[in-house]
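Accompanying notes for the structure given below.
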Amino acid sequence: MIVYDLECRDQGHRFEGWFKSSDDFVRQKEKGLVSCPFCGGGDVDKAVQAPRLARKGNQLPQLARAPRSQPVGDAPSGESGRAALAVPVAPVASHELPAKTLELIDKLAEMQARALKSSRYVGGSFAENARAMHYGEREAEPIHGETSLSDAQELLEEGISVVPLPFPIVSPDETN
């Protein structure tokens, strides 16, 4: 996958577009399939962008707490024993997120936190554990962990349900 910063020439809106390849972007643009999500304009092109450099594994992005109307999970704030969920400070494209979008992101984060609370972290052995449960080699239980995209695709081809988490998580080994 390749991610481009795109710009609507009609209104100057900036947004991200994900494509299989640079040729895929060109084909979709020629077919009129690329449009601005803000105004619907079809005159969209790649925006000037800085190169994306990978962060070292021991560095974390700047994070800010999302506004919360209630605590994550069932525990009161600060008593859950887990790190608070956070969202990146940087705005999406060049626009602030609408309040409704922030509310939906917050609810999604709460749902993920509840799901993680009732599942077991299996780390990098996620695919092996999922297969063992699917084929009856071990008792089924909710699990979460890491796997490669190709392993996840193989699991789906075998009829094993997997869903990526919407927000990154920190493994229990790495928490303070």
Problem set entry | Options Leu155, Leu108, Leu104: the member that is surrounded by 11 or more Cβ atoms within 10 Å (Cβ to Cβ), of a type in the set (A, V, I, L, M), touching a Lys or Arg at 6+ places or on another chain (Cβ under 9 Å) and closer than 28 Å to Met1 by Cα | Leu155
Exercise. Given the structure, is Phe38 assigned to a loop (DSSP other than H, G, I, E, B), aromatic (Phe, Trp, Tyr) and closer than 25 Å to Thr101 by Cβ?
Worked result: yes
Exercise. Can you name every residue in the stretch 141-151 that is surrounded by 11 or more Cβ atoms within 10 Å (Cβ to Cβ) and among the hydrophobic types (A, V, I, L, M, F, W, C)?
Worked result: Ile143
Problem set entry | Residue in the stretch 4-44 that is surrounded by the fewest Cβ atoms within 10 Å (Cβ to Cβ), counting only those that are touching a residue at least 40 places away in the same chain (Cβ under 8 Å) and among the hydrophobic types (A, V, I, L, M, F, W, C) | Phe38
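We did not get these values from a lab; they are worked out from the coordinates using the rules stated. Fair warning: this is a prediction, and the values are worked out from it, not measured in the lab. Methodologically, a virtual Cβ is constructed for each residue, glycine included, from the backbone with ideal geometry; neighbour enumeration extends over all protein chains shown.
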